[in-house]
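The values are calculated or read from the model by the stated rules, or taken from the named source; none is laboratory data. For clarity, every value in this text was computed on a predicted model and none was experimentally measured. When we count neighbours, we look across all protein chains shown, and the Cβ atoms used for this are built from the backbone with ideal geometry, even at glycine. Calculation scope for accessible area: heavy atoms of the full protein, side chains included, ligands and nucleic acids excluded. Shrake-Rupley method; radii C 1.70, N 1.55, O 1.52, S 1.80 Å.
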Amino acid sequence: MKRIQRAAGAVVGSAVGDALGAPFEFGPPGAFSARFPAPGAGGEMCGGGGWDPGEATDDTQMAVLVAESLLERDGLDLPDIFARFQRWAASEPKDIGLQTEDVLTNGMPWDLAAALHFQVSQRAAGNGSLMRASASAVYFAAAGRETTMDAARRIAALTHGDRAAWEGTAIFHELIRLTFKDTAPLTALPDILALVHPGHRGRYATVLAPDWHPDQATEFNGAVWPCLGSAVWALRTTASFEDAIRAAIDLGGDTDTVAAVTGGLAGAYYGLDAIPARWTKPLHVPLPGFDGRVLHLADLLHLAHRLTTTPAMC
Ligand SMILES: [Mg+2]
């Protein structure tokens, strides 16, 4: 499969999962398939809970902010990404993670804000850095394993002081990189786990094990471990993009983010053409704080193209 198919699949797939999952956020398991029993029937991009049909949430909005920083700053400019996040957070986005909001609005400098928040709260292992990683994973894929995992950790650390969030985001980046190389990404999980910080390896080994099921999660799936584990489970136990997304949303809980992470992985794996057009057509990504801009499918495709064709700089 061509690289651009996979790159566009990752970027658009994550946004599609986000927009499909948003109306079901904090709902019970099985709500999606109760409402849409037959795969392929249509109408799933329904909106609700304050979201318009096809409207992507903070997951995709932040992924776009990261993408535009990487492209406009010719590489990883952490203070610039942080400044874009702050500008966005100050513009009252419809949704923003509690931890992310705290870090972006506490007035501390970019390189201290997340660490200080973690020191005080001792809770910073949310899925909020994993959810926004699709674009950066595409951008850094060509730069190799070490570079992409390192970049993932550093972008995650802007808002999440807990290394657990960094490691989960790094695993996601590496899974996308391997998929781009036409490698079956899930068979590589043991190798990827060997690259995870030893203090965090055990917990990821548990949720990424072939026989792990989201029912076994010990935290709400707004935490980084079950979120990544559930996305990998959804990819592993289904055979199409559509079914992976359905399985992810049907888990209930933090449905937009679990489906955004699933959509990134499944979009890269199956490619853009496997994403139903009835899902990509109404897709749109508002960018609060950025002059009322709203990105549509063509803009996301353009972004994915630039992310794959621009050499990654750190
Ligand atoms: Mg969201």
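When you go through THR169, THR159 one by one, which is the residue that is open to solvent by less than 30 Å² (accessible area, probe 1.4 Å), assigned to a helix (DSSP H, G or I) and within 16 Å of the ligand (Cβ to nearest atom)? Of the residues listed, the single one that is open to solvent by less than 30 Å² (accessible area, probe 1.4 Å), assigned to a helix (DSSP H, G or I) and within 16 Å of the ligand (Cβ to nearest atom) is THR169. Only one of the numbered conditions (1) assigned to a helix (DSSP H, G or I); (2) within 16 Å of the ligand (Cβ to nearest atom); (3) of a type in the set (Lys, Arg) is violated by ARG84, and that is (2). Evaluate the following for VAL120: is it on the phi < 0 side of the Ramachandran plot, open to solvent by 60 Å² or more (accessible area, probe 1.4 Å) and either among the aliphatic types (A, V, I, L, M) or part of a helix (DSSP H, G or I) (or both)? So VAL120 passes the test. Count of region 1-52 residues, restricted to those that are open to solvent by 20 Å² or more (accessible area, probe 1.4 Å) and either more than 16 Å from the ligand (Cβ to nearest atom) or hydroxyl-bearing (Ser, Thr, Tyr) (or both), is 22. Among the residues of region 238-245, at least one is closer than 24 Å to GLY97 by Cβ and either more than 16 Å from the ligand (Cβ to nearest atom) or open to solvent by less than 40 Å² (accessible area, probe 1.4 Å) (or both). Report yes if ALA143 is in contact with a strand residue (DSSP E or B) (Cβ under 7 Å, 6 or more places away or on another chain) and either more than 16 Å from the ligand (Cβ to nearest atom) or hydrophobic (A, V, I, L, M, F, W, C) (or both), otherwise no. No, not satisfied. In this structure, does MET62 turn out to be over 27 Å from GLY292 (Cβ atoms) and either open to solvent by 10 Å² or more (accessible area, probe 1.4 Å) or of a type outside the set (Lys, Arg) (or both)? So MET62 fails the test. Of all residue pairs spaced 6 or more apart or on separate chains, those with beta-carbon atoms under 7 Å, a first member in region 253-265 that is acidic (Asp, Glu) and a second member that is open to solvent by less than 10 Å² (accessible area, probe 1.4 Å) and within 9 Å of the ligand (Cβ to nearest atom) are ASP256/ASP18; ASP256/GLY21; ASP256/ALA22; ASP256/THR57; ASP256/ASP59. Each residue in region 87-100 was checked for being outside any loop (DSSP other than H, G, I, E, B) and crowded, with 16+ Cβ neighbours inside 10 Å, and 4 pass.
Among the residues of region 146-156, the ones that are in contact (Cβ under 8 Å) with a residue 24 or more places away in the chain and either crowded, with 21+ Cβ neighbours inside 10 Å or within 16 Å of the ligand (Cβ to nearest atom) (or both) come to 5 in all. Give all pairs with beta carbons closer than 6 Å in which a residue from region 13-28 that is part of a loop (DSSP other than H, G, I, E, B) meets a residue that is modelled with pLDDT of 95 or more and more than 10 Å from the ligand (Cβ to nearest atom); count only pairs at least 6 apart in sequence or on separate chains. Short answer, once both residue conditions are applied: PRO28/GLY252.
Looking at this structure, is ARG132 under 26 Å from LEU195 (Cβ atoms) and either among the β-branched types (Val, Ile, Thr) or surrounded by fewer than 18 Cβ atoms within 10 Å (Cβ to Cβ) (or both)? So that I can check it myself, show each step before the final result.
Values: under 26 Å from LEU195 (Cβ atoms): yes; either among the β-branched types (Val, Ile, Thr) or surrounded by fewer than 18 Cβ atoms within 10 Å (Cβ to Cβ) (or both): no.
No.
Scanning region 53-78 for residues that are over 30 Å from ASP111 (Cα atoms) and either more than 16 Å from the ligand (Cβ to nearest atom) or in a loop (DSSP other than H, G, I, E, B) (or both) turns up PRO53, GLY54. Is it true that ARG84 is in contact with a Ser or Thr (Cβ under 7 Å, 6 or more places away or on another chain) and open to solvent by 30 Å² or more (accessible area, probe 1.4 Å)? So ARG84 passes the test.
Go through region 190-226 residue by residue and tally those that are at pLDDT 95 or above, loosely packed, with under 14 Cβ neighbours inside 10 Å and assigned to a loop (DSSP other than H, G, I, E, B). Total satisfying the criteria: 5. Counting only residues that are part of a helix (DSSP H, G or I), under 15 Å from the mean Cα position of the chain (by Cα) and either surrounded by fewer than 24 Cβ atoms within 10 Å (Cβ to Cβ) or within 13 Å of the ligand (Cβ to nearest atom) (or both), region 246-264 holds 9 of them.
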